[in-house]
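The values are calculated or read from the model by the stated rules, or taken from the named source; none is laboratory data. The shown structure was predicted, so the numbers you read here are calculated from the model rather than taken from an experiment. Because the Cβ atoms are built from the backbone with ideal geometry, glycine has one as well, and the counts that use them run over all protein chains shown. Surface areas here come from the heavy atoms of the whole protein model, side chains and all, with no ligands, DNA or RNA. Shrake-Rupley method; radii C 1.70, N 1.55, O 1.52, S 1.80 Å.
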Amino acid sequence: MLEAINNPILHAIALNAKNLFRADWAGIALIFDEVQEVIASSGGRLGRYDRARSLAAHAILSPLEVLCLADAKEDGRFGANPFVRVDLIRYFVAAPIIDAQGYALGALCASSRFPRQVTDPDDLEKLQALAAQVAPTSSI
């Protein structure tokens, strides 16, 4: 599953998500056990993070929906998150990555340091389409 780390195709998908939302960062995060593993990024750090700090972990709870937070600081679930507390993440959007069996493995995420207004539904659909490219590409 983690053999996809540093796959240039996945980095390109993350970059497309970053550009779609004019975001500061975008990445692909896999969620398992108590861990979030960022396997591709538009420029941020790859690596392993505690699932408890993961906004992407919330996205996989509703695998048919895109999680969209206009301002993560205003959402009670994320106020204590260290990335939100120091304003590294305010706007956050994540589309679940679904495997062939229908399981949510992680999410394609984009974030910005500043809150945003409501996101265009067409852009959310485009993010879902990008996320759908991840599972077959990465051999997850």
### Query
Could you say whether any residue in the stretch 65-79 is modelled with pLDDT under 90, at negative phi and out of contact with any strand residue (DSSP E or B) (no Cβ under 8 Å at 6 or more places or on another chain)?
yes
### Qualifying residues in the stretch 43-64 (those that are among the hydroxyl-bearing types (Ser, Thr, Tyr) and under 19 Å from Ala135 (Cβ atoms)) - the one modelled with the lowest pLDDT
Ser54
### Task
Report, by residue number, each residue of the stretch 92-112 that is out of contact with any helix residue (DSSP H, G or I) (no Cβ under 7 Å at 6 or more places or on another chain) and either of a type in the set (Val, Ile, Thr) or closer than 15 Å to Gly44 by Cβ (or both).
Ser111, Ser112
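Of a type outside the set (Val, Ile, Thr), modelled with pLDDT of 95 or more and buried (at least 23 other Cβ atoms within 10 Å of the Cβ): is that true of Ala129 in this structure?
Numbers: of a type outside the set (Val, Ile, Thr): yes; modelled with pLDDT of 95 or more: yes; buried (at least 23 other Cβ atoms within 10 Å of the Cβ): no.
In short, no.
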### Message
Give me the residue from the stretch 18-29 that is of a type in the set (A, V, I, L, M) and more than 15 Å from Arg53 (Cβ to Cβ) and, out of that set, most open to solvent (accessible area, probe 1.4 Å).
### Response
Leu20
### Filter result for the condition that a residue is at pLDDT 90 or above and out of contact with any Leu (no Cβ under 7 Å at 6 or more places or on another chain), over Arg113, Arg22
Arg22
#### Entry: Selected residue (criterion: surrounded by the most Cβ atoms within 10 Å (Cβ to Cβ)) from residues of the stretch 30-59 that are among the β-branched types (Val, Ile, Thr) and touching a residue at least 40 places away in the same chain (Cβ under 8 Å)
Ile39
### Task
Scan the stretch 60-76 for residues that are within 15 Å of Gln36 (Cβ to Cβ) and surrounded by fewer than 19 Cβ atoms within 10 Å (Cβ to Cβ) and jot them down.
Leu61
### Query
(1) in a helix (DSSP H, G or I); (2) over 21 Å from Asn6 (Cβ atoms); (3) in contact (Cβ under 8 Å) with a residue 40 or more places away in the chain: which one isn't true of Gln117, the others all being true?
(1)
#### Entry: Lone qualifier among Pro96, Pro115, Pro121 - being open to solvent by 50 Å² or more (accessible area, probe 1.4 Å) and under 19 Å from Lys18 (Cβ atoms)
Pro115
